[in-house]
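The structure appears right after this line, and notes come after that.
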Amino acid sequence: MRFILSVLFLLVSALISYTQDVSGKSDFFDSITAPAAIVADVSTGTVLYSKGAELKISPASLTKLMTLHLSLSDCEAGFLDKYGVYEIPECALASDMRPDSSVFGFQKGDRAVLLTIQRAAAVLSAGDAAWALAALSESRTEGMSSASCQQKVKFFINRMNKEAIRLGMNNTVYTDPDGWSEHNISTVSDQLKVSVEYIKRHPEALSLINSLPQMEYLPDDSLSKYPARRNTNLLIGSFPGVDGLKTGTIPSAGFHFAATASDDRSRFIAIVMGIKTNTYFKGLYERAAEAEKLLKWAFENYRTFYPQTDYAGTIKVLNGKEKFSKLEIIPAPVPLTIKKSSEPVVMVVEKREYLTAPVFKGTAAGSITWYSDGRVIWKSQLLTKKNIQKKWNFIDSVKLLLWSKK
């Protein structure tokens with residue numbers, strides 16, 4: 001019976017591997033209804049599948065990823081204290097947010113730990129929280145302490161756009177910190193860039209903020225009057241390894257979802273944008289279902305491979321003050337995305353039998369190559385790590401003496 005089950009499993013695996021045709025022509029990819037979708041390996045940046053990658057669309061509350069990224073960066077730089085208690089700025093009250101936008105419920109006079117505000121923006125997609133983060137970030141800027149709340153937010157939006165340029169988000173323009181305006185414009189490929197930056201730059205945020213099943217408060221908050229609400233990320237707790245990242249929707253753009261998950265070896269991210277449905281709740285579930293489908297496909301078909309980077313090889317040195325030279329790998333190998341169906345990765349080391357002194361640091365001594373399915377996936381040189389002087393003997397001394405008398 002186990003043999004039969006094993007055979008069936010192999011057959012199913014073979015069918016799954018069929019979906020590795022990333023041209024989008026397979027039945028699997030035809031089932032992705034989102035106008036724009038992308039799935040990638042976070043560690044390597046390798047895009048495994050994309051659809052409508054450059055389709056310009058309002059990012060809606062995916063905008064808050066940039067807002068959170070800058071707020072977290074200000075904390076890491078020491079400009080803000082994530083455990084500090086701050087008064088909610090006057091332009092970030094729930095009553096001032098646009099109708100039908102998601103809000104936490106901040107009222108005049110509320111005080112909150114900054115981390116609570118960040119959680120509200122990420123977990124609840126609260127617009128008032130995003131505005132609060134924007135104004136608080138610019139309150140620390142020299143010359144902005146006396147500026148109005150609206151001026152601070154305007155300055156923060158300029159920072160958002162400058163950071164987008166730095167990240168290569170060439171098709172993105174931000175006009176507010178919460179994403180409610182349809183004048184915010186981006187693409188799914190640009191949202192991948194800010195998402196990867198967020199994950200790599202602030203890895204602790206995934207467990208501290210993004211993966212909370214529901215809103216959690218800090219002890220110093222005066223916000224216990226507000227009820228705890230569920231994370232808008234419906235994959236938290238339902239898909240193995242999901243710990244982020246952000247959802248978004250506005251009527252003109254449809255439903256968006258950026259979902260990331262990891263296992264013990266790989267982290268993938270799937271982003272879908274622009275899903276249109278006839279009911280609000282259907283949109284919530286369809287965006288989660290499509291992101292989950294892409295994540296599942298990525299984990300079933302690909303893995304991240306980490307080549308050896310601490311090669312401890314040596315090479316013999318003739319006539320040197322030292323008999324051996326240590327070698328290093330240049331350029332250092334980087335993580336690589338490979339198919340799970342691939343043969344085991346093979347590492348082949350080729351190096352010279354010896355070098356003759358003097359040997360200078362960076363002298364080529366060979367190469368190291370990684371193969372997968374008979375194909376080179378990475379190749380580096382083996383270079384000497386230090387200078388080794390020549391060891392002078394009696395004959396050398398005689399030759400030098402004769403040469404000096406000429």
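Looking at D178, D190, which one is closer than 19 Å to L133 by Cβ, out of contact with any strand residue (DSSP E or B) (no Cβ under 8 Å at 6 or more places or on another chain) and at pLDDT 95 or above?
D178
Against the definition (hydrophobic (A, V, I, L, M, F, W, C), outside the structural domain of I275 (by TED's automatic domain parsing), at pLDDT 90 or above and in contact with a Lys or Arg (Cβ under 7 Å, 6 or more places away or on another chain)), how does I329 come out, yes or no?
So I329 does not fit the description; no.
Being out of contact with any Asp or Glu (no Cβ under 6 Å at 6 or more places or on another chain) and either assigned to a strand (DSSP E or B) or of a type in the set (A, V, I, L, M, F, W, C) (or both) is the filter here, so list the residues in region 351-367 that pass it.
Of everything in region 351-367, those that are out of contact with any Asp or Glu (no Cβ under 6 Å at 6 or more places or on another chain) and either assigned to a strand (DSSP E or B) or of a type in the set (A, V, I, L, M, F, W, C) (or both) turn out to be K351, Y354, L355, T356, A357, V359, F360, A364, A365.
Go through region 127-145 and count every residue that is of a type in the set (A, V, I, L, M, F, W, C), without any contact (Cβ under 8 Å) to a residue 60 or more places away in the chain and buried (at least 24 other Cβ atoms within 10 Å of the Cβ).
4
Provide a single number: the residues in region 202-217 that are outside any loop (DSSP other than H, G, I, E, B) and in contact with a Lys or Arg (Cβ under 6 Å, 6 or more places away or on another chain).
Residues in region 202-217 being outside any loop (DSSP other than H, G, I, E, B) and in contact with a Lys or Arg (Cβ under 6 Å, 6 or more places away or on another chain): 2 in total.
With the structure loaded, tell me whether T116 is in the same structural domain as N158 (by TED's automatic domain parsing) and in contact with a Pro (Cβ under 7 Å, 6 or more places away or on another chain) or whether it fails that test.
no
Looking only at region 358-374, how many residues end up being out of contact with any Leu (no Cβ under 7 Å at 6 or more places or on another chain) and closer than 12 Å to V348 by Cα?
5
Just to be sure, is F257 over 30 Å from V349 (Cβ atoms), surrounded by 14 or more Cβ atoms within 10 Å (Cβ to Cβ) and free of Cβ contacts under 8 Å to residues at least 60 places away in the same chain?
The answer is yes for F257.
When you look at F9, is it at pLDDT below 95, among the hydrophobic types (A, V, I, L, M, F, W, C) and surrounded by fewer than 16 Cβ atoms within 10 Å (Cβ to Cβ), yes or no?
yes
Restricting to region 334-350, name every residue that is assigned to a strand (DSSP E or B) and not hydroxyl-bearing (S, T, Y).
Hits for region 334-350 are L336, I338, K339, V346, M347, V348, V349, E350.
Only one of these is closer than 19 Å to N231 by Cβ and among the charged types (D, E, K, R): R303, R287, R265. Name it.
Of R303, R287, R265, the one residue that is closer than 19 Å to N231 by Cβ and among the charged types (D, E, K, R) is R287.
Would you mention how many residues in region 322-371 are touching a residue at least 40 places away in the same chain (Cβ under 8 Å) and either crowded, with 16+ Cβ neighbours inside 10 Å or out of contact with any helix residue (DSSP H, G or I) (no Cβ under 7 Å at 6 or more places or on another chain) (or both)?
Going through region 322-371 one residue at a time, the tally reaches 23.
Of these, D243, D264, which one is assigned by TED's automatic domain parsing to the domain that holds F29, modelled with pLDDT under 95 and either under 22 Å from A60 (Cβ atoms) or not hydroxyl-bearing (S, T, Y) (or both)?
D264
Taking Y226 as the residue in question, decide whether it is out of contact with any Pro (no Cβ under 6 Å at 6 or more places or on another chain), in contact (Cβ under 8 Å) with a residue 12 or more places away in the chain, under 16 Å from S61 (Cα atoms) and aromatic (F, W, Y).
No: the conditions fail for Y226.
Yes or no, residue by residue, for (1) crowded, with 22+ Cβ neighbours inside 10 Å; (2) under 16 Å from L68 (Cβ atoms):
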position: A147; (1), (2): no, no
position: T187; (1), (2): yes, no
position: R201; (1), (2): no, yes
position: L206; (1), (2): no, yes
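If you check L192, L167, L223, which single one turns out to be assigned by TED's automatic domain parsing to the domain that holds V103, under 26 Å from A34 (Cβ atoms), among the aliphatic types (A, V, I, L, M) and crowded, with 19+ Cβ neighbours inside 10 Å?
L192
Going through L62, L115, L68, L124 one at a time, which residue ends up being in contact (Cβ under 8 Å) with a residue 60 or more places away in the chain, under 23 Å from the mean Cα position of the chain (by Cα), crowded, with 17+ Cβ neighbours inside 10 Å and more than 26 Å from T175 (Cβ to Cβ)?
L115
Taking only region 191-218 into account, find how many residues are among the charged types (D, E, K, R) and in contact (Cβ under 8 Å) with a residue 60 or more places away in the chain.
The total comes to 4.
Pick out, from region 218-288, the strands (runs of 3 or more DSSP E) lying fully within it that include 2 or more residues that are more than 25 Å from I117 (Cβ to Cβ) and within 17 Å of the chain's Cα centre (by Cα).
Qualifying strands (runs of 3 or more DSSP E): 254-262, 267-275.
Residues in region 79-92: is at least one within 21 Å of E182 (Cα to Cα) and assigned by TED's automatic domain parsing to the domain that holds K152?
Yes, the conditions are met somewhere in region 79-92.
Is it true that R98 is closer than 21 Å to I250 by Cβ and of a type in the set (K, R)?
For R98, the condition - closer than 21 Å to I250 by Cβ and of a type in the set (K, R) - is met.
The values are calculated or read from the model by the stated rules, or taken from the named source; none is laboratory data. Predicted, not measured: the structure shown is a model, and the values here were computed from it. FYI the Cβ positions are ideal-geometry reconstructions off the backbone, even for glycines, and counts take in every protein chain you see.
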